[in-house]
Ligand code: AMP
C-alpha cells in the first residue's frame with residue numbers, strides 16, 4: 001500500500017478543473033456551488049479517474065460522496081444498459097442521499113440511477129433494475145435479495161464503492177458485502193471509505209482491493225469532531241424536556257436534531273414540543289419508510305425545526321443547517337455518540353452538541369468523556385433571564 005499526503009488547503013491549491021474531470025461534471029459542480037475541492041476530493045479524484053483502487057479514511061461531511069461520485073459517473077459515461085457501478089451503503093437513508101447526490105452531479109444527463117434498500121416495496125426497485133440502470137446504490141441486505149432473485153446482475157460491474165464501511169461492519173453487513181464482492185468480476189475498481197479502520201475492514205481491503213492508494217484525511221476519526229463544540233449540561237431526568245425547551249429558546253440556532261434512546265421517549269418529547277408550538281417531529285422505527293423520508297425532507301426544507309430521533313432512524317442524516325445536536329440521553333457507546341454529533345457541523349460549518357446529564361448518568365458520562373478524549377464545556381441550562 002502507498003500513502004498519499006493530504007494536499008494543503010491553501011489558496012494556491014488546485015481547483016476542480018485541475019482534477020481531470022469532464023466538462024459536464026465541472027458544470028454540475030459549479031451549479032452546486034462547490035468552489036474548491038475538499039481535501040478528500042483533491043486527493044481521491046485523480047487516482048480514481050486513472051482506475052486505481054482506493055482506501056479513504058474520511059468522515060461524513062468531508063465531501064467523500066463527490067470524491068467517489070464524480071469518478072464513478074465518468075466511469076459509466078456512455079455505458080450500455082446494465083449495472084456498471086455499484087455503491088454499497090449501510091442504511092437506506094445514506095443510499096437515498098448518495099443517489100440524490102449522484103443525480104445532482106449527473107444533472108442534464110439521462111443517466112438512470114437505481115436506489116435499492118430494505119423496508120420498501122420491491123416493485124419500483126425491480127423496475128429500475130429491469131430498465132437497465134448503469135448505477136445502483138443500495139444496502140447490502142436488499143442487494144443480496146435482488147441478486148438471489150436474479151433481478152440484479154453483477155457480471156458487468158466494473159466500479160464498486162463501499163461507503164461508510166465501518167458502519168456496514170457495525171450493522172452486521174460484512175458477510176453480505178463480501179458475498180457481493182465475490183459475485184463481481186475481479187477486474188473491477190474498488191473505492192472503500194470508512195471513518196475508522198477496524199481490523200475487519202482492513203482485512204476486507206487487503207482481500208478485495210488491488211494495490212490501493214491510501215488516503216487519511218484530517219487525521220481521520222481522531223479530529224472528526226474538532227469543529228463541533230461539545231457541552232454537557234446537568235439536568236435531572238424529570239427536567240430534561242424543560243431543559244430541552246430552554247435550549248431551543250435560548251440558543252442561536254437553526255435546525256436541531258435531538259436523540260433519545262427509545263421510541264416512547266422520542267414521542268413524548270415531540271408531543272411536549274408540539275404543544276408549545278415548536279415545529280417538531282419524531283423519527284423512529286415505528287414510522288414507515290415513507291413517513292421517515294417525509295420527516296427528513298421536512299427538516300431539509302425547513303418545514304420542521306426539530307427532529308427527535310432514535311439512533312437507528314437518524315443514521316446518515318445529512319442536513320447542512322442542523323446547528324445543534326442535543327442528547328436527551330447519552331448513548332451506550334462512544335462510537336454512537338460520535339456518530340450522533342456528526343449530524344451537525346456539516347459541509348465545513350461549525351456545530352454544537354449538548355448532552356443533558358442526570359445525576360445517575362454521571363458515571364456513564366465520565367466514562368464516555370474519557371473514551372472520547374473530547375473537551376466538554378460543562379455548563380448549565382439557560383435560565384429565564386438568559387432566554388429573555
Ligand atoms: P459528504 O461528506 O459527501 O456527505 O458531503 C457533505 C456535504 O458537503 C454535502 O452537503 C455536500 O453537498 C457538500 N460538499 C461536498 N463537496 C463540497 C465542496 N467541494 N464545496 C462545498 N460543499 C461541498
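Structure above, values below:
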{"quantity": "Degrees between helix 362-372 axis and first principal axis of the chain (Cα, 0 to 90, nearest 10)", "calculated": "30 degrees"}
{"quantity": "Prolate/oblate/rounded call for the chain, Cα gyration tensor, a/c under 1.5 rounded", "calculated": "prolate"}
{"quantity": "Helix 199-208 axis, angle to the chain major axis (alpha carbon atoms, nearest 10°)", "calculated": "20 degrees"}
{"quantity": "Residue-averaged [θ]222 nm for the chain, counting only DSSP H segments that reach four residues, each worth -39500 (n - 2.57)", "calculated": "-11500 deg cm²/dmol"}
{"quantity": "Theoretical gain in end-to-end length, residue 32 to residue 300 [0.36 nm per residue, Cα-Cα removed]", "calculated": "94.9 nm"}
{"quantity": "Förster radius 22 Å - calculated FRET efficiency between residue 333 and residue 199 (Cβ-Cβ, nearest 0.05)", "calculated": "0.80"}
{"quantity": "Packing-based ranking, highest mean first, of 63-73, 326-336, 161-171 given that Cβ atoms within 10 Å are counted", "calculated": "63-73, 161-171, 326-336"}
{"quantity": "The range 62-125 - percent relative contact order, Cα under 8 Å, separation 6 or more", "calculated": "35 percent"}
{"quantity": "Residues listed by number, the range 323-365, amide nitrogen under 19 Å from residue 378 label point at 7 Å toward C-beta", "calculated": "327-331, 353-365"}
{"quantity": "Shape category assigned to the range 35-177 from the gyration tensor of Cα positions, a/c cut at 1.5", "calculated": "oblate"}
{"quantity": "Two-site FRET efficiency, residue 349 against residue 126, from Cβ-Cβ distance with R₀ of 51 Å, rounded to 0.05", "calculated": "0.85"}
{"quantity": "Gap separating the Cα centres of the range 285-312 and the range 355-388, nearest whole Å", "calculated": "26 Å"}
{"quantity": "Relative contact order computed over the chain (Cα-Cα under 8 Å; 6+ residues apart), in percent", "calculated": "18 percent"}
{"quantity": "Projected label distance in nm at residue 249 and residue 104, using a 7 Å step from Cα toward the beta-carbon", "calculated": "3.5 nm"}
{"quantity": "Between 0 and 90°, nearest 10: helix 263-275 axis offset from the chain longest Cα axis", "calculated": "60 degrees"}
{"quantity": "The range 246-295: relative contact order in percent, alpha carbon pairs under 8 Å with at least 6 residues between", "calculated": "25 percent"}
{"quantity": "Förster-model FRET efficiency, 22 Å R0, residue 210 and residue 179, C-beta, rounded to 0.05", "calculated": "0.70"}
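Read-outs: derived from the displayed coordinates by stated rules, not from any lab. Since the model is a prediction, treat every value here as computed from it, not as a measurement. For neighbour counting, all protein chains shown are included, and Cβ atoms are generated from backbone atoms with ideal geometry for every residue, glycine included.
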